[in-house]
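Colleague: Okay, here's the structure, questions in a sec.
All of the numbers you see were taken from the coordinates with simple rules; none came from a lab. All values reported here derive from a predicted model rather than from experimental measurement. Counting neighbours? That spans all protein chains shown, and the Cβs are built from the backbone with ideal geometry, glycine included.
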Number of protein chains: 2
Amino acid sequence: MNPVIEQQVKDFRELVQKIKSYEEALGVMYWDLRTGAPKKGMEARSEVIGVLSTEMFKLSTSNEMGEYVAALSEPEAYAQLDEMNQKIVQECKKEYEKSKKIPAKMYQEYVVLTTQAENVWEEAREADDFEMFKPYLEKVVAYNQQFIDLWGAKETRYDTLLDMYEPGLTVAKLDEVFGEVRARTVPLVAAIAASQDKPDMSCLEQKFDIDKQREISLFLLEQMGYDFDAGRLDVSVHPFATGLNPGDVRITTRYDEKDLPNSLFSSLHEGGHALYEQNISKDLIGTPLCTGTSMGIHESQSRFWENMIGRSRLFWNRYYKDVQRIFPGQLDVSADAFYRAMNRSEASFIRTESDELTYNLHIIIRYEIEKMLFNEGLSVADLPAVWNAKYEEYLGITPPSDSLGVLQDVHWGGGGFGYFPSYSLGNMYAAQMMHTMRQEMPELDSYIEQGRLAPIKEWLTDKVYQYGKSQTPGEIIQRITGEELNPTYLIEYLENKFKEVYNLQ
Amino acid sequence: MNPVIEQQVKDFRELVQKIKSYEEALGVMYWDLRTGAPKKGMEARSEVIGVLSTEMFKLSTSNEMGEYVAALSEPEAYAQLDEMNQKIVQECKKEYEKSKKIPAKMYQEYVVLTTQAENVWEEAREADDFEMFKPYLEKVVAYNQQFIDLWGAKETRYDTLLDMYEPGLTVAKLDEVFGEVRARTVPLVAAIAASQDKPDMSCLEQKFDIDKQREISLFLLEQMGYDFDAGRLDVSVHPFATGLNPGDVRITTRYDEKDLPNSLFSSLHEGGHALYEQNISKDLIGTPLCTGTSMGIHESQSRFWENMIGRSRLFWNRYYKDVQRIFPGQLDVSADAFYRAMNRSEASFIRTESDELTYNLHIIIRYEIEKMLFNEGLSVADLPAVWNAKYEEYLGITPPSDSLGVLQDVHWGGGGFGYFPSYSLGNMYAAQMMHTMRQEMPELDSYIEQGRLAPIKEWLTDKVYQYGKSQTPGEIIQRITGEELNPTYLIEYLENKFKEVYNLQ
């Protein structure tokens, strides 16, 4: 390599490493704030986070960064880089250009606005008062419209937002896949509602000791291969996973004495996110590639472990006896009855409390509304009416209040338009991967039933985890399954599963 | 105020706030590393800490900082500053000048060396092999000799090191006060060794459940006024307190089933440090004055709560029944017997396990040796022999191995010469303050005996805590007690206490 370029690469990588250091420090502080930092220190801590975030943003958009990415993107220089450095340059260039298009002052105003909007949202939800939230949400939408103008509209304006969370994803593609999911889910939900053979929920309607809930979480995380020398399990109000580096990927769950499935599936869900981050190749440490490739692929891993594995009949054939062991005398129903109770499906108002099947309809509603906001001129004032109409149409229920409707999620106050589809993308990717896994690993079902989960983790490490962000979501799903995102696998999986659970024909 | 100066002050304070933000972020990461961060993430985390420490050091020694402190120290500008800004300028100037005198390369080499030396020390202590540690320690001493050359020797060369931890403290003063303490402690230790009426230790020689040990720690911390909304209690190998900001002051303790006093007094000790940091005036947040004024004054507060309060007869007259309540059926001896067992004094090899009385002799030995190293040409090779001779002379015991002797402390490997005296200074300051407190608050003893600890915390807040680093140790002790550091109060306190415990004449 040309020694000038060699030096540039070295300096560039040092800057990149520095940015990652700020990111990790901020990650530790966020984790700390959410797992038990004393409340009287919050104000000073916010200041500290503000200072370090600003420094990190300055480094990412510095002239230095601009010069490195410009120089190393020159065809002559670029050709001399190895593949990893090429990808790092690409990634930094993309972020640099995106950030540089937003004036610093505007960005700062937006950060202040979304912080306020999130606070007001919390009060508004509490007070069940959409009018209180409306002016803030209108401003957040207006800023996002301006961002689209600055970044440039892709195929449609909303495509620009989607691309932030799922690079390469388009409205055209989502309309197609969500259309199919919706068309086949809505009648299934209706059939389930009419079913006469519903799971008996009484086995779950009892108190489960919290220390023992923790014990079962720890046991199942260990079974799935979560490495406790590279992580820890804590408690927070909203469960989350945070990958500080592959040797330190922390998860949280929450415990409710009256809700065993809540802690259990939260742990499996966050454990799935964590397996991804723990198994990224060590070569990527200190680079922007050392993270999940997209929100959708990340969610595919949490959903894979939570739903495809953790809510399967095979899994409970193996692990029900451990739940019985940990809660002696509390569970005398059959494994089948326990499995069915764990998979009750019912239309409900709150997304985060919904089941595996109806969940996707909650997401599709949000997607359709966001698309109307950014592509079709829907006004914020009309959100509650549109929201309620769609719930009636797809789920057959009308929210009795905005708290149980349009005000339930924090995402919009924080400006996260384009994020919601990730959740259902995750379900689709997971089912599609599972289909290929079953073909390549004919013993898959017996492995799950025997509790041999290691080969599954290894397969996913080999196919997904190790690459971190060095391949796009599209590249990954194509390479693994030989085709692009295809909703058929999810639809068939859901139909088979829920027809069986509800004895529908 | 002149508008140019006004702007300079504003910019200066912003830089100062930025430096404090790095300090808090680093503080959170150190706390995290010591309370349960997963071990596989340590390597990447060290990198992150390295990057942020370097940035912080660069800011403290930046040209920008140099220009601000120069400009604001100009008599005309300085006179226009309020008292707090004057003190902030002084403090930053002192740090700036000290840091600027060390070439950056030398400082980096020193950081690498001390990290290595600490690691080698750990192995050497394990292997009981001073020769292994010697070459590293020689280099660490040599670097400190160079630092003294660069900073300039004060009255003596060792004075320069002392001043780092206890501004204004000198060898002349320490020789005097330590001389008195030594002269009166050595015969008392000998008399205790010869005593026929020793405390019966059997009440402590049993297993104490760890959850209950935690319960008593939490209870006593609450009693002393530690604010759990501005802190938390965790576990670490070596207990510590860390003040991130006055709203977030965390402490740790350690639990050993067979050693109740260990967790109990560690909690009171760290709780004392924490009361100091929690009660610094909020006006000082974001400035270098928002911390304890010196190691010695800090230690006076941990020792005050651990020893003067926590090991007193009055305290156990009140709180023994709570220990009995928390450990039902385990403690049937009298409060007096429990108090005496808690105050057993015996010459021993390890400083950190020694009692309130012999502790000061451990410190005086280290002080005398450090002084010999820096002022009298003692060579590192001769340390073990000098160490053992002093233990024999002052404590009447000769360490059977270097692991139980000169290799026991981490401080020297880390370059902390001049630090050890702080521990005994703390004891002296604490006794001196207690003497004044008793005069000003005649109800003091009955307050302790009734468990009314709030007035004590308020007195200390009023006299010490609120000021943070805005007054020097000398100013504080003079203002409170009307005289400079005087060892008589400690000596008399120890003589009265231990003669009574051991029924000596």
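Colleague: At q = 0.04, 0.06, 0.09 Å⁻¹, what is the base-10 log of I(q)/I(0) for the protein assembly as shown according to the Debye formula with one equal point scatterer per Cα and no solvent? Please give it to two decimals.
Modeller: -0.25, -0.56, -1.14
Colleague: Just to be sure I understand the model, the point goes 7 Å from the Cα along the line to the Cβ. What's the resulting A:Gln196 to A:Leu504 distance in nm?
Modeller: 1.7
Colleague: Specify which residue in the list A:Pro75, A:Val4, A:Asn496 is farthest towards the positive end of the charge dipole of the protein assembly as shown, using unit charges on the beta carbon of Lys, Arg (+1) and Asp, Glu (-1), about the Cα centre.
Modeller: Comparing the listed Cα positions along the dipole, A:Asn496 ranks first.
Colleague: Please work out the Cα center distance from region B:231-259 to region B:2-41, rounded to the nearest Å.
Modeller: Spelled out, the Cα-based centre of one part sits 21 Å from the other.
Colleague: A further question follows. Computed FRET efficiency, Cβ-Cβ of A:Asn496 and A:Asp382, R0 51 Å: what is it to the nearest 0.05?
Modeller: Efficiency, rounded to the nearest 0.05: 0.85.
Colleague: Which of the GluC sites (Glu not before Pro) found in region A:378-444 are loop residues per DSSP with 15 or fewer other Cβ atoms within 10 Å of their Cβ?
Modeller: Here the sparse-neighbourhood loop sites are A:Glu443.
Colleague: Measuring from label point to label point, each 7 Å out along Cα→Cβ, what is the A:Tyr107 to A:Glu123 span in nm?
Modeller: It works out to 2.9 nm between the two label points.
Colleague: Sticking with this one: Using a label point 7 Å beyond Cα on the Cα-Cβ vector, give me the inter-copy distances for B:Gly396 in nanometres, one decimal, shortest first.
Modeller: With the label placed 7 Å along Cα→Cβ, B:Gly396 yields 9.0 nm.
Colleague: For region B:3-100, what is the charge dipole size about the Cα centre, in debye to the nearest 20, if Lys and Arg each add +1 at the Cβ and Asp and Glu each add -1 at the Cβ?
Modeller: So the magnitude is around 580 debye.
Colleague: Compute the separation of the alpha-carbon centres of region B:98-146 and region A:130-193 and state it in Å as a whole number.
Modeller: 59
Colleague: How far is the Cα center of region B:426-482 from the Cα center of region A:421-499, in Å?
Modeller: Answer, in whole Å: 66.
Colleague: Measure nothing but the geometry: give the 0 to 90° angle between the long axis through the Cα atoms of B:104-127 and the longest principal axis through the Cα atoms of chain B, rounded to 10°.
Modeller: The answer is roughly 20 degrees.
Colleague: In addition: What's the local net charge at A:Asp322, with K and R +1, D and E -1, over the other residues with C-beta under 12 Å away?
Modeller: +2
Colleague: Given 10 °C and 1.306 mPa s, compute D for region A:260-379 with the Stokes-Einstein relation, Rh being the Kirkwood radius over Cα pairs; round to the nearest whole µm²/s.
Modeller: 93
Colleague: Between B:Trp459, A:Phe265, A:Trp316, whose Cα lies farthest towards the positive end of the dipole of the protein assembly as shown when Lys and Arg beta carbons carry +1 and Asp and Glu beta carbons carry -1, centred on the Cα centre?
Modeller: The listed residue farthest towards the positive side: A:Trp316.
Colleague: With respect to the axis carrying A onto B, what is the closest chain A residue by Cβ position, and how many angstrom separate it from the axis?
Modeller: A:Ala25, 2
Colleague: Still on this structure, I have one more. Which value in Å does the Kirkwood hydrodynamic radius of chain B take, with 1/r averaged over all unlike C-alpha pairs and then inverted?
Modeller: 24.3
Colleague: About the Cα centre of region A:101-505, what is the dipole size in debye to 20, counting +1 per Lys and Arg Cβ and -1 per Asp and Glu Cβ, all else neutral?
Modeller: 580
Colleague: Further, regarding this structure: Hey, with R₀ at 35 Å, roughly what FRET efficiency would B:Asp209 and A:Arg254 work out to, going by the Cβ-Cβ distance, to 0.05?
Modeller: My answer for the efficiency is 0.80.
Colleague: What does the charge count near A:Ile251 come to, summing +1 for each Lys or Arg and -1 for each Asp or Glu among other residues with Cβ under 9 Å from its Cβ?
Modeller: 0
Colleague: Put the label 7 Å from Cα along Cα→Cβ for A:Pro3; what are its distances to the other copies, in nanometres, shortest first?
Modeller: 5.4
Colleague: Just rank A:Met84, B:Met56, fewest to most, by other beta-carbon atoms within 10 angstrom.
Modeller: Ranked by crowding around the Cβ, least crowded first: A:Met84, B:Met56.
Colleague: Still on this structure, please answer the following. Measuring label to label, 7 Å along Cα→Cβ, what does B:Ala191 give against each other copy in nm, shortest first?
Modeller: Distances between equivalent label points, in nm: 9.5.
Colleague: To continue, here is another question. What is the sum of charges, Lys and Arg at +1 and Asp and Glu at -1, for the other residues whose Cβ falls under 13 Å from the Cβ of B:Arg452?
Modeller: Summing Lys and Arg as +1 and Asp and Glu as -1 gives -2.
Colleague: Once a ≥ b ≥ c are taken as the square roots of the eigenvalues of the Cα gyration tensor of region B:93-178, is the result rounded (a/c under 1.5), prolate (a/b larger than b/c) or oblate (a/b not larger than b/c)?
Modeller: oblate
Colleague: Something else: Go ahead and run the numbers for FRET between A:Ala79 and A:Asn375, Cβ-Cβ distance against an R0 of 30 Å, rounding to 0.05.
Modeller: 0.15
Colleague: Please report the antiparallel percentage of the DSSP beta bridges confined to the protein assembly as shown, to the nearest 5.
Modeller: Bridges in the protein assembly as shown are about 55 percent antiparallel.
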